[in-house]
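Take a look at the structure set out below.
The values are calculated or read from the model by the stated rules, or taken from the named source; none is laboratory data. Note that the structure is predicted; figures quoted are calculated from it, not measured. Ideal geometry is used to build each Cβ from the backbone, glycine not excepted, and the neighbour counts take in all protein chains shown.
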Protein chains: 2
Amino acid sequence: MSQRPVTIAFDVMGSDHGPLEIVRGAAQLTLDSPHLHALLVGDSEQINAALREVRHHGERVAVHHAPDFVAMHEKPGQALDSKPRASVLEAVRLVKAGDADAVVSAGSTGAGVLACARTFSLLPGVRRAALATVYPTATGRGARNDPFSLILDVGATVDASADDLVAFAVMGAAYARIISRNERPTVGLLSNGTEAQKGPPRVVEAHQRLQTLEGVRFIGNVEGVDIPKGTADVVVCDGFVGNVALKMLEGVSETVMELAKYAYKEKLLWRAGLALLSSGVQRLKEVTDWEQYGGAPILGFDKLFIKAHGRSKARAISNAGKVAAKAVSHELGAEISKLLT
Amino acid sequence: MSQRPVTIAFDVMGSDHGPLEIVRGAAQLTLDSPHLHALLVGDSEQINAALREVRHHGERVAVHHAPDFVAMHEKPGQALDSKPRASVLEAVRLVKAGDADAVVSAGSTGAGVLACARTFSLLPGVRRAALATVYPTATGRGARNDPFSLILDVGATVDASADDLVAFAVMGAAYARIISRNERPTVGLLSNGTEAQKGPPRVVEAHQRLQTLEGVRFIGNVEGVDIPKGTADVVVCDGFVGNVALKMLEGVSETVMELAKYAYKEKLLWRAGLALLSSGVQRLKEVTDWEQYGGAPILGFDKLFIKAHGRSKARAISNAGKVAAKAVSHELGAEISKLLT
């Protein structure tokens, strides 16, 4: 019944809340899960100082010093070129070398994608990686009734061919199967209409191929309206459209918050209503707190990289570590390649 | 001070609420605006029956019989092929022949776009038409402080070249200038990052060209988050991305309504809160009732076609007619061509 040990390399640097929060999350993971090891990558002084402050399982925490890191505002390519020992690169290299099994980082997304592309190998049958993310939906899914869908690609690849879209479908389905315990996740292809012939040529061709692909439960094209509705467990699109869609969801929720604030100031009646609603809003926020679901995986490489949100607190980091370990234990890479080769 | 008479051809058929609602809107227009004429196109029996029921200016209402029409569920190409005298085609032909100046229709969008493409000519310098639409934003703009932005293309053209995106920018800016009385509307190009080099090649090239194009106040790339925020007065994108984005906005608002309903049933406290909020929500709904702003113009042709929502009531139809007349009076076509040739 004992699980095979899994080591997660945590890129401790470059997140919004600083190294302590990342160390705290990794430390908690070693207390919660006896088969998990944390390899903390970053400034060793800061890491050791943080470790003195937080409870952790001493035998399952190791530190790897990286003298540099990529900041959020830096251009990924330039930053990686000029900082060959940046923490994100070191973390990725440790996984490549077999010293760890997967990476968790709350640093720059672009640097993470690029570090993977420069270090890892693409899985057999995959020509382009995808960044996937979960987002809250109106309906639940999977064994745990998660009110989340997975969408990919949301920005790793701006132009995707029909082949790439098919690979994204396989990758997303495999991830949902393992992480959400959703045995036969439904996969929808994002287009401007539900009919098979709708969309640009690459989408039309991907639709045809997905219809006959075994192992993927393809439900056809989905439209923009289906994203918040949660019509499909996995939504497939190119990184350009996916990025616009994802950021729009963020923008909508910000705008709703703005309007609520405005209402709060403006009208006593609204104010009273909002006060009464606040416990409900709080619960809604908890339900839709997607960070607890472990961040955004970069899929398509032989090794897994999970990008946690820059704003991640310890709990989100710890959950990202658990998700990464689960993907490793269930051999996500093999699961993907099986259907593509 | 008297305005030149303008005639609007109303496609009376194929909307969700039936001919009476369209006739009512057109009739109201003739009462409100002494320079406007309504040419009602559709089943003359139904139109005449409707006219007997609603007040209208008898000298400025005419009827043109069309024996057929395109229903919402029909495939546009097949429908137009098999129904050469469908109301939408007749309306477009009447404008082409000079019997009317612009079309308003609440019927099938696809049939409208196709009827225009088969009948009208593209403006000099325009290679592809675009469907534009307004959507509510957090901030107001223009002389009337409209809380709306214009986005185009939202579905007329799935693949757009850099040239097309530049033309869309010119078309959208001209429309915003005339309709929203916004002298120098800001134009943003939708991409997956604000930097000039972000996005697929067509977007990168369009960015470069827009930076040096005179007459368009280009503010650079905007991201998905900027759509609901209203960062730009006009958002430019290809029809594939635009369609996904627009439908996603619809889906989000539907999902919020669902959650509100759920909350209403679920919890007494929420219920009380929502009841108190309802007057606020009602006002918000009025503010964001974009139908009063006149529907979605098909831009790029020598003649204007305004697609009102299928669910439009009389007021929305009447406003679409006013908007169409305004565009005609201000010579929207010439305004667009001026910058493109």
Which condition does residue B:110 not pass, out of (1) of a type in the set (Gly, Ala, Ser); (2) on the phi > 0 side of the Ramachandran plot; (3) in contact with a Pro (Cβ under 7 Å, 6 or more places away or on another chain), if it passes all the others?
(2)
Answer yes or no as to whether residue A:158 is among the aliphatic types (A, V, I, L, M) and in a helix (DSSP H, G or I).
no
Inspect segment A:212-230 for any residue being in contact with a Cys (Cβ under 7 Å, 6 or more places away or on another chain), outside the structural domain of residue A:326 (by TED's automatic domain parsing) and either more than 26 Å from residue B:73 (Cβ to Cβ) or touching a residue at least 40 places away in the same chain (Cβ under 8 Å) (or both) and give the result as yes or no.
no
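If a residue counts only when it is under 18 Å from the mean Cα position of the chain (by Cα), which helices (runs of 4 or more DSSP H) contained entirely in segment A:57-147 have at least 1 such residues? Break it down stepwise before answering.
Numbers: elements: A:76-82, A:87-96, A:109-119.
Ranges flagged: A:87-96, A:109-119.
Could you tell me whether segment B:2-18 includes any residue that is free of Cβ contacts under 8 Å to residues at least 60 places away in the same chain, assigned to a helix (DSSP H, G or I) and either out of contact with any Phe, Trp or Tyr (no Cβ under 7 Å at 6 or more places or on another chain) or among the charged types (D, E, K, R) (or both)?
So far as segment B:2-18 goes, no, none of its residues is free of Cβ contacts under 8 Å to residues at least 60 places away in the same chain, assigned to a helix (DSSP H, G or I) and either out of contact with any Phe, Trp or Tyr (no Cβ under 7 Å at 6 or more places or on another chain) or among the charged types (D, E, K, R) (or both).
Taking the condition more than 14 Å from chain A (Cβ to nearest Cβ), out of contact with any His (no Cβ under 7 Å at 6 or more places or on another chain) and part of a strand (DSSP E or B), does residue B:166 pass? Let's see the steps before the verdict.
Values: more than 14 Å from chain A (Cβ to nearest Cβ): yes; out of contact with any His (no Cβ under 7 Å at 6 or more places or on another chain): yes; part of a strand (DSSP E or B): no.
Spelling it out, it is not the case that residue B:166 is more than 14 Å from chain A (Cβ to nearest Cβ), out of contact with any His (no Cβ under 7 Å at 6 or more places or on another chain) and part of a strand (DSSP E or B).
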Which condition number does residue A:211 fail, the rest of (1) part of a loop (DSSP other than H, G, I, E, B); (2) farther than 20 Å from residue A:242 by Cα being met?
(1)
Go through segment A:175-210 and give me each residue that's among the hydroxyl-bearing types (Ser, Thr, Tyr) and out of contact with any helix residue (DSSP H, G or I) (no Cβ under 6 Å at 6 or more places or on another chain).
A:175, A:180, A:186, A:194
Read through the list (1) in contact (Cβ under 8 Å) with a residue 12 or more places away in the chain; (2) within 28 Å of residue B:201 (Cβ to Cβ); (3) at the interface with chain B (Cβ under 10 Å from one of its Cβ atoms), then give the number of the only condition that residue A:206 fails.
(3)
Residue hits (segment B:211-225; aliphatic (A, V, I, L, M) and in contact with a helix residue (DSSP H, G or I) (Cβ under 6 Å, 6 or more places away or on another chain)) are B:216, B:225
Any residue that is surrounded by fewer than 23 Cβ atoms within 10 Å (Cβ to Cβ), assigned to a helix (DSSP H, G or I) and within 13 Å of chain A (Cβ to nearest Cβ) - is there at least one of those in segment B:175-194?
no
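Quick one: which helices (runs of 4 or more DSSP H) lie wholly within segment B:247-341 and hold at least 2 residues that are among the hydrophobic types (A, V, I, L, M, F, W, C) and modelled with pLDDT of 65 or more? Spell out the reasoning first.
Numbers: elements: B:268-287, B:314-329, B:332-340.
Output list reads B:314-329, B:332-340.
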When the residues of segment B:1-28 are narrowed to those that are surrounded by fewer than 24 Cβ atoms within 10 Å (Cβ to Cβ), more than 17 Å from residue B:295 (Cβ to Cβ) and among the aliphatic types (A, V, I, L, M), which ends up modelled with the highest pLDDT?
B:20
